[in-house]
1. Note down, for region 40-110, the three equivalent ellipsoid semi-axes (square root of 5 times each alpha carbon gyration tensor eigenvalue), biggest first, whole angstrom.
2. As an exercise, use a Förster radius of 30 Å and the Cβ-Cβ distance of Thr135 and Asp44 to find the FRET efficiency, rounded to the nearest 0.05.
3. Which lysines have a Cα lying under 26 Å from the Cα of Lys69, excluding residues fewer than 8 positions away in the same chain?
4. Taking the highest mean first, how do the peptides 71-84, 40-53 order by number of other beta carbon atoms within 10 angstrom per residue?
5. List the residues whose amide H sits under 5 Å from the amide H of Ile120, counting only those 5 or more places along or on another chain, with H placed 1.01 Å from N in the peptide plane.
6. Does anyone have the angle between helix 87-96 and the longest principal axis of the chain? Alpha-carbon axes, 0 to 90°, nearest 10?
7. Given points 7 Å out from each Cα along the Cα-Cβ axis, report the Thr60 to Lys142 separation in nanometres with one decimal.
8. Determine the dipole magnitude for the chain: charges of +1 sit on the beta-carbon of Lys and Arg, -1 on that of Asp and Glu, nothing else is charged, the reference point is the Cα centre, and the result goes in debye to the nearest 20.
Amino acid sequence: MSSLTLITGGVGSGKTHHALTLAAPASRKAYIATAPTNLDTEMDAKIRAHQEERDETYTTIEEQIDLAKAYQRALALPCDTILIDCLTLWASNLIFTNTAPEAPLEQFLTQLTTAPCRTIIVTNEVSLGVIPPDTMTRSYCKLLARINRRMATIADEVLLMVSGIPVMVKGVR
């Protein structure tokens, strides 16, 4: 079944856990990880914890910049569901590598609209708080908000995680 689910929410709200729960019924899954390794010990521990949550039904693809290429690799696998975790770090990676986001975003969006399988995407909602005081953080928030809006527009369903509870924003359950 072809469908696109976007899961958003704050840090620690249960987005990845819920994404894994939604993907669990599929017998063959691809997991696209966008987190760069060796950032710091806390992030490395978080990556290990996420790795331990996945079982042998997952094939992991690690890609920090070229999400369209990673998605293409996942589509070439025999899988029923592709889980992408997360757009938040992907946006950060684009900024820190000075990669112009327009082309990578458009390539990825094009693939999503023609994907033959279920795709679940995790992202953070960073625009619910105060306006950041520095230019770089404001640029990051603007970029991620733009990416999230584009994803939500094409998504079949959008879920907002609040304290571990999924709240339907778009779609039918």
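1. On the way: eigenvalues 94, 73, 11 Å².
Value: 22, 19, 8 Å, ordered largest first.
2. 0.55
3. Correct list for Lys69: Lys15, Lys29, Lys46, Lys142.
4. Working: 71-84: 19.1, 40-53: 11.6.
Put in order of decreasing packing, that is 71-84, 40-53.
5. Hits under the 5 Å cutoff: Thr5, Ile82, Leu83, Ile84.
6. Roughly 50 degrees between the two axes.
7. Here the modelled spin labels are 3.5 nm apart.
8. So the dipole magnitude of the chain works out to roughly 480 debye.
The numbers here are math on the coordinates, done by the rules we state, and not lab data. Only a predicted model underlies this, so the values are computations on that prediction, with no experimental measurement involved. Because the Cβ atoms are built from the backbone with ideal geometry, glycine has one as well, and the counts that use them run over all protein chains shown.
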